[in-house]
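Bear in mind these aren't lab numbers, they're just calculated from the coordinates by the rules spelled out. Since we're looking at a predicted model, the values are computed, not measured. FYI the Cβ positions are ideal-geometry reconstructions off the backbone, even for glycines, and counts take in every protein chain you see.
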Ligand SMILES: [Zn+2]
């Protein structure tokens, strides 16, 4: 049965003598593995659409065991990513997280449009990779239903405090007055593991909440304050990575690039 779908190529590897194996993220079918027969040949009709980071229209013979590509038409190629190695590394990380969190035969939900918006921001708008990373990580928590409740302290309900702790794994704020450090020690004694707490100012809490909840047209409007943006970046990474419990090699590589840059 021939199936047509839009999809983003998040991985493209050589297979056999002349084939390519593509990993696509699609809206309807989630993650798909598709064979492009003869895809490595220079004159292959799949050449343009089977490059990594290409968003295109794919027609395939879809079976339970194997998907064989019939036609592929690129719609957007994000060539601008090639101009900046840090942006390219971040795009790799975005695609790895997207592939890791998308199931086969399940709709990809909000994660695919978010990733496409971030690739567009890097490639066409030239937004700073650090900012795009923060927005991707924070909004990815929402796309996956893992986002923290940043509205108020989960214990006293107050939202007018200066400082809060973000309890990462519970996705909750605890205000400074409700006292976390001693509580933290007690938890460590009881469970043998430390809770992951991030101290955040009210301005940082507010900014993170705005990034997660912002309308799509304003999703990359981060505060001007550089220190605040850096803090948001640290918080977004710690939060997402601890929830996904995965070491992403592409993230390590991106960080190396940032150091060199
Ligand atoms: Zn409180």
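For an R0 of 22 angstrom, estimate the FRET efficiency from the Cβ-Cβ distance between residue 163 and residue 206 and round to the nearest 0.05.
My answer for the efficiency is 0.95.
If you line up the long axis of helix 111-123 against the longest principal axis of the chain, both from Cα atoms, how many degrees apart are they, to the nearest 10?
Around 80 degrees separate the two axes.
State, to one decimal in nm, how far the label point of residue 216 lies from the label point of residue 4, with both points 7 Å from Cα in the Cβ direction.
For the pair residue 216/residue 4, the computed spacing is 2.2 nm.
Rg(Cα) of the chain divided by 2.2 N^0.38 Å?
Relative to the rule-of-thumb radius for its length, the chain sits at 1.14.
Using per-residue counts of other Cβ atoms within 10 Å, averaged over each peptide, order 82-90, 211-219 from highest down.
Going from most to least packed, we get 82-90, 211-219.
Test of understanding: ordering 118, 175, 156 by Cβ neighbours within 10 Å, fewest first, what list do you get?
Going from sparsest to densest Cβ surroundings: 156, 175, 118.
Fewest first, what order do 235, 257, 103 take by the number of other Cβ atoms within 10 Å?
103, 257, 235
Once you put a point 7 Å from the Cα of residue 225 and another 7 Å from the Cα of residue 65, both along the Cβ direction, what distance in nm separates them?
6.0 nm
Where does helix 226-244 land angle-wise versus the long Cα axis of the chain, in degrees 0 to 90, nearest 10?
70 degrees
Can you sort 68, 174 so the residue with the fewest Cβ neighbours within 10 Å comes first?
68, 174
To the nearest 10 degrees, how steep is helix 202-213 against the longest Cα principal axis of the chain, on a 0 to 90 scale?
Computed tilt is about 30 degrees.
Across bins of 10 angstrom width beginning at 0, how are the C-alpha pair distances of the range 2-76 distributed, in whole percent?
Once binned at 10 Å, the Cα pair distances of the range 2-76 give 23, 62, 15, 0.
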